[in-house]
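Right, one structure below, let's go through it.
Throughout, read-outs are computed from the coordinates displayed, never taken from laboratory work. Just so it is clear, the model here is predicted, and its values are computed rather than measured. Here Cβ is always computed from backbone atoms with ideal geometry, including for glycine, and neighbour counts include all displayed protein chains.
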Number of protein chains: 2
Amino acid sequence: MEETRYVLRPVGVVRSSLVSRESCPKQGWEGAPEAWLEIDPAFADGLDGLSVGAEILILTWLHEGRRDVLRVHPRGNPDAPLRGVFATRSPDRPNPVGLHRVTVTAIGEGTIGVRPLEALDHTPVIDIKPVLHQADER
Amino acid sequence: MEETRYVLRPVGVVRSSLVSRESCPKQGWEGAPEAWLEIDPAFADGLDGLSVGAEILILTWLHEGRRDVLRVHPRGNPDAPLRGVFATRSPDRPNPVGLHRVTVTAIGEGTIGVRPLEALDHTPVIDIKPVLHQADER
């Protein structure tokens, strides 16, 4: 069963006021709101060490993304020339993994407040990583 | 079949001189070599628009990572206190997706040269994204 090696296990879900793809900012810094991550209790031990004010990277599964598309109009602008998805941040891509840099605003019982986050309500969370300035900013 | 929604499709593979986890730098900037990404021809159209000198993010599947671990000793140092995996960049995590910021050094027929990359030879590539300075560096 080769395929089972590549099955993601959502570790939580985004809770956000953003409920439609059309209403989402393209990127967090373009006016995205504060949101909450609800972490599955089975994975809560993995949060140990995160603190308010930390900068983190959230990896999500962009469940409304189209996986059969290899070229897109950047930012959904029909006037922009088609471009390979790997040269864009489109949610449409073979593996629709979203990457979001946010600041932790609150930590609760199995929940994390973050800002700004442009992901839709109910988007599955697949990973959280701390920002490492030397690795991520060069 | 809920699970099929979360199955990753590798789009390529890392070719590198790094062949054992023990020999890998923890992060790219810690002396990692140049490497090549071999992209599956079925996904090659997605590369359109990438160019030499571009800064990109590579998402990999860290196939030697342990998925059943929620606390680790940071950087594998047994003297460091255990910490939740979501507060570390350990390859051991529920979804062992690696994130690597690199510069494109060459573009060939279905291949991309990148530097520096701390991923092992044969590591599956699941996504490539351009760095967006406003989104990724804040």
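Label position 7 Å from Cα toward Cβ: report the copy-to-copy distances for B:P41 in nm, one decimal, ordered from shortest.
5.2
Positive end of the charge dipole of chain A (Lys, Arg +1 and Asp, Glu -1 on Cβ, about the Cα centre): tell me which of A:V125, A:G28, A:V14 has its Cα farthest that way.
Checked the options; the winner is A:G28.
Based solely on its DSSP helices, what 222 nm [θ] is calculated for chain A when runs of n ≥ 4 H residues each add -39,500 (n - 2.57) and the sum is averaged over all residues, nearest 500 deg cm²/dmol?
Here the helix-only value at 222 nm equals -500 deg cm²/dmol.
Under a point-charge model restricted to the Cβ atoms of Lys and Arg (+1) and Asp and Glu (-1), what is the dipole moment magnitude of segment A:1-71 relative to its Cα centre, in debye to the nearest 20?
Values: 8 positive and 12 negative charges, 71 e Å.
The dipole magnitude comes to about 340 debye.
Compute the label-point distances linking B:H122 to its equivalents in the other copies; points lie 7 Å from Cα along Cα→Cβ; give nm, one decimal, shortest first.
The projected label point of B:H122 is separated from its counterparts by 4.1 nm.
For segment A:64-138, which GluC sites (Glu not before Pro) are both in a DSSP coil and crowded by at most 14 other Cβ atoms within 10 Å?
A:E64, A:E109, A:E137
Cα convex hull of the protein assembly as shown: how many Å³ per residue?
131
Would you please state the base-10 log of I(q)/I(0) at q = 0.09, 0.20 1/Å for chain A, with intensities from the Debye formula using one equal scatterer on every alpha carbon?
Debye output, listed in q order: -0.29, -1.26.
If the only charges are +1 at each Lys and Arg Cβ and -1 at each Asp and Glu Cβ, what is the size of the charge dipole of segment A:95-138 around the Cα centre, to the nearest 20 debye? Walk me through the numbers before you get to the answer.
Working: 4 positive and 6 negative charges, 29 e Å.
I would put it at about 140 debye.
Which value, in debye to the nearest 20, gives the size of the charge dipole of segment B:46-138 about its Cα centre, when Lys and Arg are +1 and Asp and Glu are -1 at the Cβ? List each step's numbers first, then the result.
Working: 11 positive and 12 negative charges, 91 e Å.
Value, rounded to 20: 440 debye.
Defining the label point at 7 Å along Cα→Cβ, can you sort the distances from B:I107 to the same site in each other copy, shortest first, in nm?
4.2
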